[in-house]
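Trainee: Have a look at the structure that comes next, please.
The values are calculated or read from the model by the stated rules, or taken from the named source; none is laboratory data. Keep in mind the model is a prediction, meaning the values are calculated, not measured. Quick reminder, even Gly has a Cβ in these numbers, built from the backbone with ideal geometry, and neighbours come from all protein chains shown.
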């Protein structure tokens, strides 16, 4: 598994959007980085919380109760079961912390969906 002392560099080195990579493990959770642009998909994770930390740029997490706006350095935990859709109007780099059981796009499968095996491959 990849190990990096710089999540910012790991995120910047990714060549695909919406294709997170695991950079570390902490107990039963993965620490991931991602480059994102545009909209992912409305989805939820029935049994897992999902933490977003913006490393670069701005991220809007659309929720049924209104948008969550995150700037560089901001963090938000999407509670389990909450329908959400991450959106980046311009390129954004993220650090994510999720339980190892968390499916990339939760309860939906789309073209952008990445398997855990795909997320574990080297950046």
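Trainee: Given the criteria free of Cβ contacts under 8 Å to residues at least 60 places away in the same chain and in contact with a strand residue (DSSP E or B) (Cβ under 7 Å, 6 or more places away or on another chain), does residue 79 qualify? Before the answer, list the steps.
Mentor: Details: free of Cβ contacts under 8 Å to residues at least 60 places away in the same chain: yes; in contact with a strand residue (DSSP E or B) (Cβ under 7 Å, 6 or more places away or on another chain): no.
Here the answer is no, as residue 79 does not meet what is asked.
Trainee: Within segment 72-87, how many residues are assigned to a loop (DSSP other than H, G, I, E, B) and more than 21 Å from residue 22 (Cβ to Cβ)? Break it down into steps so the answer makes sense when it comes.
Mentor: As a first pass, look at segment 72-87 and keep what is assigned to a loop (DSSP other than H, G, I, E, B): 72-74, 79-83.
From what is left, the residues that are more than 21 Å from residue 22 (Cβ to Cβ) are 72-74, 79, 81-83.
Selection size over segment 72-87: 7.
Residue-wise test of (1) modelled with pLDDT of 80 or more; (2) touching a helix residue (DSSP H, G or I) at 6+ places or on another chain (Cβ under 9 Å); (3) crowded, with 16+ Cβ neighbours inside 10 Å; (4) under 20 Å from residue 39 (Cβ atoms).
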| position | (1), (2), (3), (4) |
| --- | --- |
| 73 | yes, no, no, no |
| 87 | yes, no, yes, yes |
| 94 | yes, yes, yes, yes |
| 97 | yes, no, yes, no |
| 110 | no, no, no, yes |
| 119 | no, no, yes, yes |
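Yes or no, residue by residue, for (1) outside any strand (DSSP E or B); (2) closer than 14 Å to residue 93 by Cα:
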position	(1), (2)
15	yes, yes
32	no, yes
36	no, yes
51	no, yes
55	no, yes
59	no, yes
62	no, no
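Trainee: So for segment 40-47 (the condition being free of Cβ contacts under 8 Å to residues at least 60 places away in the same chain, part of a loop (DSSP other than H, G, I, E, B), buried (at least 18 other Cβ atoms within 10 Å of the Cβ) and in contact with a strand residue (DSSP E or B) (Cβ under 6 Å, 6 or more places away or on another chain)), does at least one residue qualify? I'd like the intermediate steps shown before the answer.
Mentor: At the first step, the residues of segment 40-47 found to be free of Cβ contacts under 8 Å to residues at least 60 places away in the same chain are 47.
Next cut, part of a loop (DSSP other than H, G, I, E, B) only: 47.
Within this subset, residues satisfying the condition of being buried (at least 18 other Cβ atoms within 10 Å of the Cβ) are none.
No; the residues of segment 40-47 include none that is free of Cβ contacts under 8 Å to residues at least 60 places away in the same chain, part of a loop (DSSP other than H, G, I, E, B), buried (at least 18 other Cβ atoms within 10 Å of the Cβ) and in contact with a strand residue (DSSP E or B) (Cβ under 6 Å, 6 or more places away or on another chain).
Trainee: So residue 69 fits all but one of (1) over 21 Å from residue 14 (Cα atoms); (2) assigned to a strand (DSSP E or B); (3) in contact (Cβ under 8 Å) with a residue 24 or more places away in the chain; (4) more than 13 Å from the chain's Cα centre (by Cα); what number is the exception?
Mentor: So residue 69 meets the others, but not (3).
Trainee: Exactly one condition in (1) surrounded by fewer than 20 Cβ atoms within 10 Å (Cβ to Cβ); (2) farther than 20 Å from residue 8 by Cβ; (3) within 12 Å of the chain's Cα centre (by Cα) is false for residue 78; which is it?
Mentor: (1)
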